[in-house]
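**Student:** Take this structure, written in structure tokens, and hold onto it; I'll ask about it next.
The values are calculated or read from the model by the stated rules, or taken from the named source; none is laboratory data. Predicted model only: the values in this text are computed from it and were never measured. Here the Cβ positions follow ideal geometry from the backbone for every residue, glycine too, while neighbour counts run over all protein chains shown. Protein only, heavy atoms only, side chains kept; ligands, DNA and RNA dropped before computing areas. Shrake-Rupley method; radii C 1.70, N 1.55, O 1.52, S 1.80 Å.
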Amino acid sequence: MARAADLHAALADPSIAGIVCAIGGDDSIRLLPHLDRDLIAANPKIVLGFSDNVTILAAVRRLGIVSFHGPSVMAGFSQMDALEPAFRRHVDELLFEPADGYAYEPYGTLVDGSPDWRDAAKAGLANPPRADNGPQVLQGSGRITGELFGGCLEVLDWLRGTWAWPASGEWAGRLLMIEPSEDKPSPLAVSRILRAFGVLGVFDEIAGVIVGRPRDHDADERRAFETAVLEVVAGEFGRSDLPIVANLPFGHTDPQWILPLGVPAELDADRGTLRLVESWLT
């Protein structure tokens, strides 16, 4: 209840324009019964985070407000000076420079995590960068447009059946975002989660899937993860037509994109590109 009260206070304070989550975890779902839905709906603000904070992002979006999937204070912003300069420009463009559209660009490099934060001398540092081989088109072709929604795969799984989970019909035409946490769920675990989504009819309604770059996965592990996605979506639920683009920089990776949940985006499955087609800040 104390954390929910903190969130409510920040939302109700007119001097606060945005809320950036400090870090992730594994229990933000405990906030759902204590969230004041009327207060949230009446105070639209930037709410930014990822991982466990997808609970909050989904709740905000469920109430009709755009929420922002992106870096947190401790995992992303604190390493800004150690990451690609393009990351800082991206943050400025998404959070401070409203426009009617936005074309996402690959960063070119990536890092897997940061040095041990318990060592004060390593604060603000990131692990050594390596080349990013860019988006991978797993299946599908052409351009499709849909409202962005999703986040950490395990957290989305926890949300099933709660009031923050999209209601019947709300999946229609959406672009589903999925990415695994640093816990590296096995291909079997990924299949089981996606299978549950399929049984709920998610894959019957959505327009496409974008898949975040898996953290700490070698080439074989990444292929196994992507194969699990394809086997469920295309194999078990018959959506071999559904565009799926993987290895995109969002979620448990650095530097990552900021993706506004609830804003229409165009996915080009031929080129593996993504762009916002409407304003995301009002």
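**Student:** For q = 0.13, 0.29, 0.30, 0.33 Å⁻¹, what log10 I(q)/I(0) does region 135-178 give under the Debye formula with an equal point scatterer on each alpha carbon and no solvent?
**Tutor:** Result of the Debye calculation: -0.36, -1.17, -1.20, -1.26.
**Student:** A further question follows. Across all directions of projection, what mean area in square nanometres is found for the Cα convex hull of region 191-263?
**Tutor:** It is 5.3 nm².
**Student:** How long are the semi-axes of the ellipsoid equivalent to region 1-52, from square roots of 5 times the Cα gyration tensor eigenvalues, in whole Å, largest first?
**Tutor:** Sorted largest first and rounded, they come to 18, 14, 9 Å.
**Student:** Given a 1.4 Å probe, how much area per residue of region 168-278 is accessible, in Å²?
**Tutor:** Each residue of region 168-278 exposes 35 Å² on average to a 1.4 Å probe.
**Student:** Quick one: pull the percentage of alpha-carbon pairs in region 196-237 with a separation above 12 Å.
**Tutor:** When every Cα pair of region 196-237 is considered, 64 percent fall beyond 12 Å.
**Student:** Applying 1/(1 + (r/R0)^6) with R0 = 35 Å to the Cβ-Cβ distance of Glu97 and Ala131, what FRET efficiency is obtained, to the nearest 0.05?
**Tutor:** With a Förster radius of 35 Å, E is 0.80.
**Student:** Roughly how many Å is it from the Cα centre of region 44-109 to that of region 133-155, as a whole number?
**Tutor:** Using only Cα atoms to place each centre, the spacing works out to 17 Å.
**Student:** Excluding Arg174 itself, calculate the net charge of residues whose Cβ lies under 14 Å from the Cβ of Arg174, where each Lys or Arg counts +1 and each Asp or Glu counts -1.
**Tutor:** Summing Lys and Arg as +1 and Asp and Glu as -1 gives -2.
**Student:** Students often get this wrong, so try it: which of [x] 17.8, 52; [y] 19.3, 60; [z] 17.4, 49 is Rg and Dmax of the Cα atoms in Å as calculated from the structure shown?
**Tutor:** So the calculated entry is the one marked [x].
**Student:** Shifting gears a bit: Can you give me the Kirkwood hydrodynamic radius for region 151-219, using every pair of distinct Cα atoms, in Å to one decimal?
**Tutor:** Taking the inverse mean of 1/r over all distinct Cα pairs, region 151-219 comes out at 12.7 Å.
**Student:** Per residue, how much accessible area does region 45-85 have with a 1.4 Å probe, in Å²?
**Tutor:** Value returned for region 45-85: 27 Å² of accessible area per residue.
**Student:** Compute the projected area of the convex hull of the Cα atoms of region 38-88, averaged over all viewing directions, and report it in nm² to one decimal place.
**Tutor:** Averaging across all directions leaves 4.0 nm² for the Cα convex hull.
**Student:** Ignoring ligands, DNA and RNA, please state the percent of accessible area on the chain from carbon and sulfur, probe 1.4 Å.
**Tutor:** Reported share for carbon and sulfur atoms: 51 percent.
**Student:** Can you compute the modelled spin-label distance between Thr227 and Ala5, with each label point 7 Å from Cα toward Cβ, in nm?
**Tutor:** Placing both labels 7 Å beyond Cα along the Cβ direction yields 5.2 nm.
**Student:** Please compute one quarter of the surface area of the Cα convex hull for region 24-171 and express it in square nanometres.
**Tutor:** 11.4
**Student:** For region 77-156, just list the percent of Cα-Cα distances falling in each 5 Å bin from zero outward, please.
**Tutor:** 3, 10, 15, 17, 21, 19, 9, 4, 2, 1
**Student:** Would you mind computing, in nm to one decimal, how far apart the modelled labels at Asp216 and Ala167 are, each placed 7 Å from Cα along Cα→Cβ?
**Tutor:** Result: 4.0 nm between the two label points.
**Student:** Translational diffusion coefficient of region 114-200 at 25 °C, 0.890 mPa s, Stokes-Einstein with Kirkwood Rh over Cα pairs, in µm²/s as a whole number.
**Tutor:** Here the translational diffusion coefficient equals 151 µm²/s.
**Student:** Can you compute the radius of gyration and Dmax for region 140-282, using only the Cα atoms, both in Å?
**Tutor:** 14.1, 43
**Student:** On a full-extension model of 0.36 nm per residue, what is the gain between Asp183 and Thr282, subtracting their alpha-carbon distance, rounded to one decimal in nm?
**Tutor:** Additional length available on full extension: 32.0 nm.
**Student:** Please compute the Kirkwood hydrodynamic radius of region 223-282 from all pairs of different C-alpha atoms, in Å with one decimal.
**Tutor:** Evaluated on region 223-282, it is 13.5 Å.
**Student:** Stokes-Einstein at 4 °C, 1.567 mPa s, Kirkwood radius from Cα pairs: D for region 32-117 in µm² s⁻¹?
**Tutor:** Diffusion coefficient, whole number: 87 µm²/s.
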